[in-house]
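S.K.: Below is a structure I'd like to ask you about.
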Amino acid sequence: MSSADSSAPSALDDLERLLIDGKAAFESAADADALEKARVTFLGLKQGRIKTAQEVLKTLPGPDRKAYGQRFNAVKTALEEACELARLRIESGQASQAVASIDLTVPGAAPRFGRRHPLTQTAEELIDIFGRMGFSLARGPEIEDTFHNFVALNIPEHHPAREPLDNFYVTPGTLLRSQTSTVQIRVMKKCQPPVRVVALGRVYRPDAVDATHSFMFHQIEGLYVDRNVTMANLKSTLRQFAKSYLGQDVTVRFRPSFFPFTEPSVEVDMQWDASGRWVEMGGAGMVDPNVLKAVGFDPEIYSGFAFGLGIERLCMRRHGIDDIRPFYQNDYRFLNQF
């Protein structure tokens, strides 16, 4: 018998030993590291035993090559299946261990979901209410020049409202706006009557911080200019707004007051609670003729009303909050209530 004739049975025996050894290694692998080591040893593409067995195929004569090749493919498939079964077994065991390690008696922790700030929620609702009343939204810069913040609003050069102690000046000619009325000037300079807008944003005044005051707060400014606009229009607009936002049972009153940019002017108060306490909601009035002239409107033809309301106070009244300061303290316990 030639050496070639005796090599075929020996090669097939080697395949059987490879199959037995490989299955045993995969079945005994206790963890992912052991499984990977067994995979490299038996199924590695470069130095694995299956690669060595594949090289034997080249040395066999033609008649034996077919039988060896068929058995080689079967052994390789069987080893791959054994490796996959071992992987599933190990992963299943790890999952079981993970589940077993969970203490089901420990109270669950609720996830913290993000929310919009209550003042943001309030601002969006105010914009929606006035939008349904026909007002469009306008915005303007927070750093203003003295023309828009004072001159165009009928506040003369030496008026006490322009004093440095009452404003945050950036330069001698610019300051952090002290009111959102500055936006109405910009709108009227660009648009012809009828004008019906609300302007919303931050304003700055060097006030001492207490339960109802802050050096920075939010206002919503309203402006309506057209022919034959009257104080009755102003009062009905604010009453309708108050009922829409604060409820049908809210009571609003108007007190005579003075503002350089409106004439006549009123303070608008809202009843705070059942005790009969009143809190100022904002200021309002008919647009002063000098303001209309400053933007090129003829006060003999057009009239209008304007109002400025404090967003913080409206939010406080609606939710029964007695102190403005928690809005800016970033306390999760407070913010989580909205």
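The values are calculated or read from the model by the stated rules, or taken from the named source; none is laboratory data. All of these numbers come straight from a predicted model, not from anything done at the bench. For neighbour counting, all protein chains shown are included, and Cβ atoms are generated from backbone atoms with ideal geometry for every residue, glycine included.
S.K.: Would you mention how many residues in region 176-193 are assigned to a loop (DSSP other than H, G, I, E, B) and surrounded by 18 or more Cβ atoms within 10 Å (Cβ to Cβ)? Spell out how you get there, then give the answer.
M.R.: Kept after step one, since they are assigned to a loop (DSSP other than H, G, I, E, B), are these residues of region 176-193: 177-180, 191-193.
Imposing the further condition that a residue be surrounded by 18 or more Cβ atoms within 10 Å (Cβ to Cβ) reduces the set to 177-180, 193.
Residues flagged as assigned to a loop (DSSP other than H, G, I, E, B) and surrounded by 18 or more Cβ atoms within 10 Å (Cβ to Cβ) within region 176-193 amount to 5.
S.K.: Let me ask something else. Right, I90: assigned to a helix (DSSP H, G or I), surrounded by 12 or more Cβ atoms within 10 Å (Cβ to Cβ) and at pLDDT 90 or above or not?
M.R.: Numbers: assigned to a helix (DSSP H, G or I): yes; surrounded by 12 or more Cβ atoms within 10 Å (Cβ to Cβ): yes; at pLDDT 90 or above: no.
Against the criterion (assigned to a helix (DSSP H, G or I), surrounded by 12 or more Cβ atoms within 10 Å (Cβ to Cβ) and at pLDDT 90 or above), I90 does not qualify.
S.K.: I need every pair where a residue in region 28-46 that is surrounded by fewer than 18 Cβ atoms within 10 Å (Cβ to Cβ) has its Cβ under 7 Å from the Cβ of a residue that is of a type in the set (A, V, I, L, M, F, W, C), sequence separation at least 6 or different chains.
M.R.: D31/I90; A32/I90; T41/A25
S.K.: Determine whether region 269-280 contains at least one residue that is free of Cβ contacts under 8 Å to residues at least 12 places away in the same chain, under 18 Å from E125 (Cβ atoms) and not in a strand (DSSP E or B).
M.R.: Checking region 269-280: not a single residue is free of Cβ contacts under 8 Å to residues at least 12 places away in the same chain, under 18 Å from E125 (Cβ atoms) and not in a strand (DSSP E or B).
S.K.: Within the bounds of region 222-243, is there any residue that is assigned to a strand (DSSP E or B) and surrounded by fewer than 18 Cβ atoms within 10 Å (Cβ to Cβ)? Before the answer, list the steps.
M.R.: To start, the set of residues in region 222-243 that are assigned to a strand (DSSP E or B) comprises 222-226.
Next cut, surrounded by fewer than 18 Cβ atoms within 10 Å (Cβ to Cβ) only: 226.
Checked region 222-243: at least one residue is assigned to a strand (DSSP E or B) and surrounded by fewer than 18 Cβ atoms within 10 Å (Cβ to Cβ).
S.K.: When you check R196 against the structure, is it in the same structural domain as L126 (by TED's automatic domain parsing), exposed (fewer than 15 other Cβ atoms within 10 Å of the Cβ) and basic (K, R), yes or no?
M.R.: On the way: in the same structural domain as L126 (by TED's automatic domain parsing): yes; exposed (fewer than 15 other Cβ atoms within 10 Å of the Cβ): no; basic (K, R): yes.
Taking the combined requirement at face value, the residue does not satisfy it.
S.K.: Which of the residues belonging to region 157-191 are touching a residue at least 60 places away in the same chain (Cβ under 8 Å) and over 30 Å from the mean Cα position of the chain (by Cα)? Even if it seems obvious, please write down each step before you answer.
M.R.: Going through region 157-191, the residues touching a residue at least 60 places away in the same chain (Cβ under 8 Å) turn out to be 159, 161, 179-181, 184-185, 188-189.
Within region 157-191, H159, A161, I185, M188, K189 meet the criteria.
S.K.: Given (1) part of a loop (DSSP other than H, G, I, E, B); (2) acidic (D, E); (3) surrounded by 13 or more Cβ atoms within 10 Å (Cβ to Cβ), where does E144 come up short, assuming only one miss?
M.R.: Of everything listed in (1) part of a loop (DSSP other than H, G, I, E, B); (2) acidic (D, E); (3) surrounded by 13 or more Cβ atoms within 10 Å (Cβ to Cβ), E144 misses just condition (1).
S.K.: Specify which of the listed residues (F307, F258) is under 19 Å from S178 (Cα atoms), without any contact (Cβ under 8 Å) to a residue 24 or more places away in the chain and not in a helix (DSSP H, G or I). It would help to see each step written out before you state the result.
M.R.: Values: F307 fails: without any contact (Cβ under 8 Å) to a residue 24 or more places away in the chain.
Going through F307, F258 in turn, the sole match is F258.
S.K.: Oh, and also: Taking the residues in region 156-206 that are touching a strand residue (DSSP E or B) at 6+ places or on another chain (Cβ under 7 Å) and among the charged types (D, E, K, R) as candidates, determine which candidate is nearest to A138 (Cα to Cα).
M.R.: Result: R196.
S.K.: Among residues belonging to region 155-175 that are assigned to a loop (DSSP other than H, G, I, E, B) and either touching a helix residue (DSSP H, G or I) at 6+ places or on another chain (Cβ under 9 Å) or among the hydrophobic types (A, V, I, L, M, F, W, C) (or both), point out the one that is nearest to P289 (Cα to Cα).
M.R.: Step one: filter region 155-175 for residues assigned to a loop (DSSP other than H, G, I, E, B), giving 155-159, 163, 167, 172-173.
Filter once more, so that each one left must be either touching a helix residue (DSSP H, G or I) at 6+ places or on another chain (Cβ under 9 Å) or among the hydrophobic types (A, V, I, L, M, F, W, C) (or both): 155-157, 167, 172-173.
Numbers: I155: 13, P156: 15, E157: 18, N167: 25, P172: 28, G173: 25 Å.
Among those residues, the one meeting the criterion is I155.
Results for (1) farther than 26 Å from E280 by Cα; (2) surrounded by fewer than 21 Cβ atoms within 10 Å (Cβ to Cβ); (3) modelled with pLDDT of 95 or more, shown as yes or no for each residue.
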residue	(1), (2), (3)
V291	no, no, no
A294	yes, yes, no
L309	no, no, no
M316	no, no, no
I321	no, yes, no
I324	no, yes, no
F327	no, no, no
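S.K.: Find the residue count for region 313-338, including only residues that are closer than 20 Å to R202 by Cβ and either part of a loop (DSSP other than H, G, I, E, B) or in contact with a Lys or Arg (Cβ under 9 Å, 6 or more places away or on another chain) (or both).
M.R.: Number satisfying all stated conditions: 7.
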